1. For n ≥ 4 DSSP H runs only, could you compute -39500 (n - 2.57) per run for the chain, divide by its residues and tell me the 222 nm figure to the nearest 500?
2. For the Cα atoms of the chain, what angle does the longest principal axis make with the long axis of helix 242-253, in degrees from 0 to 90, nearest 10?
3. Rounded, prolate or oblate: pick one for the range 188-259, where a ≥ b ≥ c are the square roots of the eigenvalues of its C-alpha gyration tensor, a/c under 1.5 means rounded, and failing that, prolate if a/b is larger than b/c, else oblate.
4. Given all pairs of different Cα atoms, what value in angstroms does the Kirkwood hydrodynamic radius of the range 1-127 take?
5. Restricting things to alpha carbons, tell me how big the range 140-259 is in terms of Rg and Dmax, in Å.
6. Helix 161-170: angle to the longest alpha-carbon principal axis of the chain, degrees 0 to 90, nearest 10?
7. What is the range 69-181 by shape, rounded, prolate or oblate, if you read a ≥ b ≥ c off the alpha carbon gyration tensor as root eigenvalues and call it rounded for a/c under 1.5, prolate for a/b larger than b/c, and oblate otherwise?
8. Angle, helix 18-31 long axis vs. longest principal axis of the chain, Cα atoms, 0 to 90°, nearest 10?
């Protein structure tokens with residue numbers, strides 16, 4: 001089956017944004033007068049829960065249960081998350097982040113190769129805009145045929161909702177696409193929608209179980225900074241190109257040979 005579209009996750013995949021998110025959460029908590037301070041280790045644990053508001057709720061259940069009785073709990077969490085998004089946007093605008101190796105190159109090469117592109121993420125549209133504005137420029141939003149974010153699919157990964165929404169918008173089947181993810185939840189979401197997945201392991205997803213991925217890489221690589229293959233189809237250092245994606249896609253979607 002011919003590869004027609006490339007679908008990107010955002011946080012951890014396009015850039016190591018999770019550390020900026022962690023700092024933004026802590027700024028929001030401090031602004032609210034809370035003594036919560038998420039360490040890298042604690043945030044890594046909370047990332048098992050997809051979605052920022054959902055992580056706050058999980059933390060409250062685990063370590064601040066005195067707030068569970070609040071009548072305005074959900075609204076309060078939403079306000080905390082809104083403040084966190086504001087801090088995140090400010091930090092991105094100040095140059096806190098850069099794209100991971102190979103991301104901009106692959107996006108441009110894929111456009112030139114005629115691949116359609118989409119985003120399937122559990123983060124908010126505001127966070128996507130902030131990242132693109134700080135890195136590729138705001139016009140880069142127009143490079144993508146469709147952008148599926150938290151607003152389009154409120155049920156978070158590993159649920160496949162956001163992928164199913166994106167596929168419907170593209171008018172394609174999962175087997176006509178390939179995804180780039182960085183987490184176990186992302187792999188589960190994509191494969192549940194029949195989308196083959198390439199994983200570029202991120203700082204916060206190191207050591208996760210990526211079973212089901214076509215291949216697992218350190219990053220997308222550059223000619224002068226090749227990726228390290230970690231598991232799966234890729235066995236030699238290199239850099240991801242539309243051609244290599246098409247090759248991996250063909251291997252993942254081809255019917256098993258019969259004797």
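Rule-based calculations on the coordinates, nothing more; no lab input. Model, not experiment: these values are computed from the prediction.
1. Result for the chain, helices only: -12500 deg cm²/dmol.
2. 90 degrees
3. Judged from the Cα gyration tensor, the range 188-259 comes out oblate (a/c at least 1.5, b/c at or above a/b).
4. Mean inverse Cα-Cα distance, inverted, gives 16.3 Å.
5. My reading of the Cα-based Rg and Dmax gives 14.7, 48 Å.
6. So the inclination is approximately 50 degrees.
7. Oblate is the answer for the range 69-181, as a/c is 1.5 or above yet b/c matches or exceeds a/b.
8. Rounded to the nearest ten degrees, it is 10.
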